[in-house]
Structures are given as C-alpha cells and as structure tokens.
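Novice: The structure is given below, and queries will be raised subsequently.
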Amino acid sequence: MLKELLQEQQPIVYKALETACLENEVSSAYLFAGPYGTPKKEAAILLAESIFCEKEGLACEECNTCRRVRENVYSDLIILDGSEEPISKDMIDGIQEKFSKTALEKNGQRVYIIFNAENASISAQNSMLKFLEEPGAGITAILTADNESRLLPTILSRCTILPFVPMKHEGYLKMAEEAGIQKDEAYLISHVAKNLDDINELMIEEEDGTRTPSSAYASALGMFQQYLDPRQRNDLLVDYEISWKSKERDPKKAKKENMVIQNAFFDLMMMYGHDVILHSSQGPQWYRRALAEAKGSSKIYGKLIMIASEEKDRVNKYNDLNLLMDQAFCRLEELDHESRI
Ligand SMILES: [Zn+2]
C-alpha cells in the first residue's frame, strides 16, 4: 500500500525513512518538500503509522493502530491541512496545548502533521518555530510543503528535509490506467492529474467501474478541442463565458470549479506544445489528428508552452479568474497571429 507506493515512486525517501525507523533514529521534525503531486501526504501518514505501530521498522499498515492513523482517529495524532485553509497561530497553539498534557494512547508518542505548512501566516510560523525548538519528549513534527521557500529559514534549519522528486510521465500514465481509464484518455489525463485524488475529481467512477469526465474536466477538454481547431480558436474568449465556465451558483464552488477547469486547460495546452515539438502521436484520435495538422515552428510552440505555464501559475494566485482568462486568450490569439506571419 503506502510502502509500495513510496518505494516505487520515491526510493530515496523510502530508504531514509526505513533506516530511521529500523535504527530508532526518527528525528523530532521532518519536512517533506517537493512539487505538487509528489506523494508527500502518503509518506507523512506512513511515517506517523510507523511511529505508532508496534511492529519494528516501517509500519505494518494492517494493524488496528495503523488503520486508526490512516483514518485520522488516533488520539495522539493531530493533522492540519494548509491546502484547505491557511494555518493560523491559534491552530499551532492548539497543538501545543493539547500536547502539553500526557499522551492518551499507551504508545506514549505524539505526532502532528501539517500538510502544506507553507500556507501558514508569519505569526503561525513563529509559533511553529518555537514549538520545533522545544518540542517536548516523544513529539514528532511532520511538515509537507510544495514550496518550501515560503517557510522561514529558521524552520527549515530545524527540520530533517527529505526532497521528493516529480514522477516520470510514465508513472502518471500507469496510475491513470490502473484507475480504470482507457489508454487514449489516460494519455490526456496523465498530463493533468498528479495523484489519485485528482483522477477521482476529474474522471468520475461510474457504478460499472468505467470513468467519465467530471463537468469541470469536460469543460477543459471542450476548450482544448476548440483551441485545436484553428477556425474556432478565436471564439474561445466569447465561448468561455457562454459554454465553458462553471455553472455553479454558489460563488465559492464556482471559483473552485473554474480553477479546476483552467488548470486542466493549461496542462493540456502544455502537453500539446510538447507533443508538437517532439512529433509525438499518442492519445485519442481527434488529438492525434490535431497534432498531425499542427503548423508553425518549434519556436511558436515553445512560446505556447511558456504562456500556458505562466497562466497556470497565475490561476492559483489570482483573484479575478475571468480577467485572467481574458488575458490568457488574448495572448494565445496574439501568438496565433504571430505564427501566420
Ligand atoms: Zn501497524
């Protein structure tokens, strides 16, 4: 399960954790650092299981203790998730207060995990730092970060940092196929989904085990297909408003869905740029046809990749997603004119 996944995808991290657990040299603070999509969350859970599990070395992953850790119902484990809401000083102080009392489980160890710890305010990070400096006996901190440069250097220096490397593309493809997605579709989704959660969000599993695109992913695919058709390309700006944007009424849900649509669209655009340059021909027939008909120089497609990558980066930072798409479509349109000169 988690052990296999980690051993396969991050052998160096796996070895480091295995050795630390076997030799009882688990440090008091870890930072799992690496790009989005790398299995840092899974590794954090595995390490917590290993600390609490009675088996020597890494966790057995089968006992009651391991199961309770995975289900987040183990009393001496606290998990905060910075990807869901920013980490505040109060949350960190809350952990400290709870852990100032004796452990509740007989194992005596206590662990707190903070996913995306970089999404913590400066005052929260200062609290974190104080706690890392004087953790108390039997307390282990496990932090994860997609972007560790947003953590205070003094926090970094307190942690054992384990770097996670991105999976090779074949790994994502295999993951998608194993999730039951048919080969041609898996090629596309493997450029968008970086873990099983992403796959489940983008390709909904039906009762018979087959998968169909979620409304957000279907929109992204629709936009992408429209872009691939040079006659329809310049209507994207208008059609986005009419056809592709989230239909959710709740503004919060709509924003979330629009982020999924835009991220997926820019991922597909980057895939397209790379595939044209590399003369690749994979994926569904309509996509392979578009690749075969692609005109223009590598330089143009290099620019296309750059625009898609920059715009994708902005999706996660920008507040006005409509304005962002307007600008993105204008840049794509300009590129289109440039390629015809
Ligand atoms: Zn166990």
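The values are calculated or read from the model by the stated rules, or taken from the named source; none is laboratory data. Fair warning: this is a prediction, and the values are worked out from it, not measured in the lab. Every residue, glycine as well, gets a Cβ built from its backbone with ideal geometry; the counts of neighbours run over all protein chains shown.
Novice: Could you say whether any residue in the stretch 88-98 is surrounded by 13 or more Cβ atoms within 10 Å (Cβ to Cβ), modelled with pLDDT under 95 and over 26 Å from PRO39 (Cα atoms)?
Specialist: Taking every residue of the stretch 88-98 in turn, at least one turns out to be surrounded by 13 or more Cβ atoms within 10 Å (Cβ to Cβ), modelled with pLDDT under 95 and over 26 Å from PRO39 (Cα atoms).
Novice: Given the criterion closer than 18 Å to ILE155 by Cβ, over 22 Å from the mean Cα position of the chain (by Cα) and not assigned by TED's automatic domain parsing to the domain that holds LYS317, identify the matching residue among ILE139, ILE87. Before you say what the answer is, go through the steps one by one.
Specialist: Details: ILE87 fails: over 22 Å from the mean Cα position of the chain (by Cα).
Unique residue meeting the criteria: ILE139.
Novice: So which of ILE78, ILE12, ILE95 ends up being under 18 Å from LEU151 (Cβ atoms), among the aliphatic types (A, V, I, L, M), away from the ligand (no atom under 16 Å from the Cβ) and outside any loop (DSSP other than H, G, I, E, B)?
Specialist: Values: ILE78 fails: under 18 Å from LEU151 (Cβ atoms); ILE12 fails: under 18 Å from LEU151 (Cβ atoms).
Answer to the selection: ILE95.
Novice: Additional query: Filter the stretch 40-73 down to residues that are within 14 Å of GLU18 (Cα to Cα), without any contact (Cβ under 8 Å) to a residue 40 or more places away in the chain and within 7 Å of the ligand (Cβ to nearest atom) and give me whichever is farthest from the chain's Cα centre (by Cα).
Specialist: In this case the residue turns out to be LYS55.
Novice: Can you tell me which residue within the stretch 220-275, out of those that are under 20 Å from GLU293 (Cβ atoms) and outside any helix (DSSP H, G or I), is farthest from the chain's Cα centre (by Cα)?
Specialist: Ranking the qualifying residues of the stretch 220-275, first place goes to ARG231.
Novice: Can you pull out every residue in the stretch 133-183 that is in a loop (DSSP other than H, G, I, E, B) and under 30 Å from ASN200 (Cβ atoms)? Working first, answer last.
Specialist: Within the stretch 133-183, the first condition is being in a loop (DSSP other than H, G, I, E, B), and the residues that meet it are 134-138, 146-147, 151-152, 159, 164-168, 179-182.
If the condition is that a residue be in a loop (DSSP other than H, G, I, E, B) and under 30 Å from ASN200 (Cβ atoms), then ASP146, ASN147, LEU151, PHE164, VAL165, PRO166, MET167, LYS168, ALA179, GLY180, ILE181, GLN182 are the ones that fit.
Novice: Given the criteria outside the structural domain of VAL69 (by TED's automatic domain parsing) and either surrounded by 22 or more Cβ atoms within 10 Å (Cβ to Cβ) or without any contact (Cβ under 8 Å) to a residue 24 or more places away in the chain (or both), does GLU170 qualify?
Specialist: Against the criterion (outside the structural domain of VAL69 (by TED's automatic domain parsing) and either surrounded by 22 or more Cβ atoms within 10 Å (Cβ to Cβ) or without any contact (Cβ under 8 Å) to a residue 24 or more places away in the chain (or both)), GLU170 qualifies.
Novice: For the stretch 106-142, give me each residue that is within 15 Å of ALA33 (Cβ to Cβ) and acidic (Asp, Glu).
Specialist: Within the stretch 106-142, just GLU118 meets the criteria.
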